[in-house]
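Let me begin by presenting the structure, written as structure tokens, before commenting on it.
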Amino acid sequence: MSDTYAQVMRSADALEVAVADPALVVFEAAATAFRDELGEDFVIEDAPVPKRLAPHATAVAVTVYRDDDDVASGRLILLYDPAGQEAWAGTFRVVAYVRADIEPEVAADPLLGEVGWSWLTEALDLHVPGYTAESGTVTRVITEGFGAKEEEVPLTGFELRASWSPTADEQAQGEHAQGEHAQGDLDALDLGSHVTAWCACIAAAAGLEPPGTRALRPRTPGSGQR
């Protein structure tokens, strides 16, 4: 758990007595930690949040540049429903989107879906205490130009859409069982670690290949880039 996360939770604990809706305090603390975990190597901005998926939500968008070129982007949404939702198996749900440019031969590779999905699951396995009810899709994207743009070279891309529910490991649950319930739940879930995992997934899709993920892009001798 990051120092910022701990500071946010202490502030939330102090504010709870002054807030009519304790669920809002829980959500705001989680959202602040969620944003603060994003890495400095990503260009970050606020993103629109869905209005009907949950009572509370926050979202961020990220763009990854290499040599001044936009090579990948993503969006991460944190949903919170104090009452929980059956499909979530909990009160929090993380929704992620990742897009990256890839070479045509990579887009044609039959293993693209499997490896692309592994970029996410391996990052989650490496960074988060636990997760459940994961689901998603991997899409190959081909963009062709017509009319005034028909001379442009077709572009190929990779898109990942996924969602999962954060869970806590048994040890973390036990450590926080004696504390304030909402704060203990958030500490055990470590929502910031899910942001770290998402960033690792985007890095893999961009060809940066963080530890714990498999690379799909062919690399030329002496080059670390795709």
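Kindly list, by first and then second residue, each pair from a residue in the range 118-137 that is farther than 24 Å from Gly207 by Cβ and in contact (Cβ under 8 Å) with a residue 24 or more places away in the chain to a residue that is open to solvent by 40 Å² or more (accessible area, probe 1.4 Å) and in a helix (DSSP H, G or I), limited to pairs with Cβ atoms under 9 Å and residues at least 6 apart or on different chains. Going by the 9 Å Cβ cut-off, the qualifying pairs are Pro129/Gln171; Tyr131/Asp125. Quick one: would you say Val138 is within 26 Å of Thr196 (Cα to Cα), in contact with a Leu (Cβ under 6 Å, 6 or more places away or on another chain), not small (Gly, Ala, Ser) and not in a helix (DSSP H, G or I)? Taking the combined requirement at face value, the residue satisfies it.
Each row is one residue, and each column tells you yes or no for (1) of a type in the set (Asp, Glu); (2) open to solvent by less than 50 Å² (accessible area, probe 1.4 Å); (3) at pLDDT 70 or above; (4) touching a Phe, Trp or Tyr at 6+ places or on another chain (Cβ under 6 Å).
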| residue | (1), (2), (3), (4) |
| --- | --- |
| Glu152 | yes, no, yes, no |
| Leu160 | no, yes, yes, no |
| Trp164 | no, yes, yes, yes |
| His176 | no, no, no, no |
| Ala188 | no, yes, yes, no |
| Ile202 | no, yes, yes, no |
| Arg214 | no, no, no, no |
| Arg226 | no, no, no, no |
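Pro154 passes every criterion in (1) touching a residue at least 40 places away in the same chain (Cβ under 8 Å); (2) within 30 Å of Ala23 (Cβ to Cβ) apart from (2). Restricting the range 21-70 to residues that are open to solvent by 50 Å² or more (accessible area, probe 1.4 Å) and part of a helix (DSSP H, G or I), the residue that is farthest from Ile202 (Cα to Cα) is Pro22.
Might you check whether a residue that is basic (Lys, Arg) and farther than 22 Å from Phe34 by Cβ occurs anywhere in the range 122-141?
yes
Among the numbered conditions (1) under 30 Å from Leu186 (Cβ atoms); (2) open to solvent by less than 30 Å² (accessible area, probe 1.4 Å); (3) polar (S, T, N, Q), the only one that Thr132 does not meet is (2). Exactly one residue out of Val98, Val106 is part of a strand (DSSP E or B), in contact (Cβ under 8 Å) with a residue 24 or more places away in the chain, of a type outside the set (S, T, N, Q) and open to solvent by less than 10 Å² (accessible area, probe 1.4 Å), and it is Val98.
The values are calculated or read from the model by the stated rules, or taken from the named source; none is laboratory data. Source: prediction; values computed, not measured. Here the Cβ is made from the backbone with ideal geometry for all residues, glycine too, and neighbour counts use every protein chain on show. Protein only, heavy atoms only, side chains kept; ligands, DNA and RNA dropped before computing areas. Shrake-Rupley method; radii C 1.70, N 1.55, O 1.52, S 1.80 Å.
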